Amino acid sequence: MGNDRVTPLFLLRTVLFPQGLLALRVFEPRYLDMISASLRHGEDFGICLIRSGGEIGQGAVPAGVGTLARVVDWGGEAGVLHIQVEGQERFSIVDWEYQGQLAQARIKCWPAEPILPIPREVGDLLPILAELLGDAGAVRQLDASRAGMHLAQALPAPAEDKQRLLELQDPLERLRRIRTLLRGEGPQA
């Protein structure tokens, strides 16, 4: 099966990008158990946008592409776990099913994108990146893929637009589409 692996899925109405940070409130027993196992065994889990169905209970259908997530911080109170996850690599779902209350998927991880410089045509995105990273110097160390992932994570856009950005495999095209979305020119197919 090549680089296929099986992972539990956290199904949400949001998108996680590689290198992106996402804060989550976890209260459903199935996800509390999944996060506990992840922390105990040091394993990532998948985060996927919900294509149909709801976040609570069983029956949600995941998008075909998601991102592996690693817990980088946690805390909580009675019955609620607060975690912050960082996006790792993207994956395609080969097949999936519910095992009890938890969706499990056989996934195929995507290779890393090529390291390309940020093109001049999207230079107007650099001040936004500097603000996001809190450091103008850090922007000079980013390639087009990492810059696009950071911008896409923070982009104030509908989840469906963000999912399309996640699924792109061309980092330069992702930057162009982010620029178009920020200019208010609508979603890009």
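Pull up segment 8-53, narrow it to residues that are within 17 Å of Val65 (Cα to Cα) and among the charged types (D, E, K, R), then point me to the one that is surrounded by the fewest Cβ atoms within 10 Å (Cβ to Cβ). Among them, the one singled out is Arg13. Counting only residues that are touching a Cys at 6+ places or on another chain (Cβ under 7 Å) and open to solvent by less than 70 Å² (accessible area, probe 1.4 Å), segment 75-101 holds 1 of them.
Counting only helices (runs of 4 or more DSSP H) wholly contained in segment 102-182, the ones carrying 2 or more residues that are free of Cβ contacts under 8 Å to residues at least 24 places away in the same chain, open to solvent by less than 70 Å² (accessible area, probe 1.4 Å) and over 30 Å from Asp33 (Cβ atoms) occupy 126-133, 136-139, 171-182. Can you tell me which residue within segment 54-74, out of those that are of a type outside the set (Val, Ile, Thr) and farther than 20 Å from Arg5 by Cα, is surrounded by the most Cβ atoms within 10 Å (Cβ to Cβ)? Within segment 54-74, the match that is surrounded by the most Cβ atoms within 10 Å (Cβ to Cβ) is Ala60.
So, in segment 37-81, how many residues would count as being farther than 20 Å from Gln101 by Cβ, at pLDDT below 90 and not in a strand (DSSP E or B)? Within segment 37-81, residues that are farther than 20 Å from Gln101 by Cβ, at pLDDT below 90 and not in a strand (DSSP E or B) number 1.
The values are calculated or read from the model by the stated rules, or taken from the named source; none is laboratory data. Predicted, not measured: the structure shown is a model, and the values here were computed from it. Cβ atoms come from the backbone with ideal geometry, glycine included; neighbour counts cover every protein chain shown. Note: areas computed on protein heavy atoms with side chains; ligands, DNA, RNA excluded. Shrake-Rupley method; radii C 1.70, N 1.55, O 1.52, S 1.80 Å.
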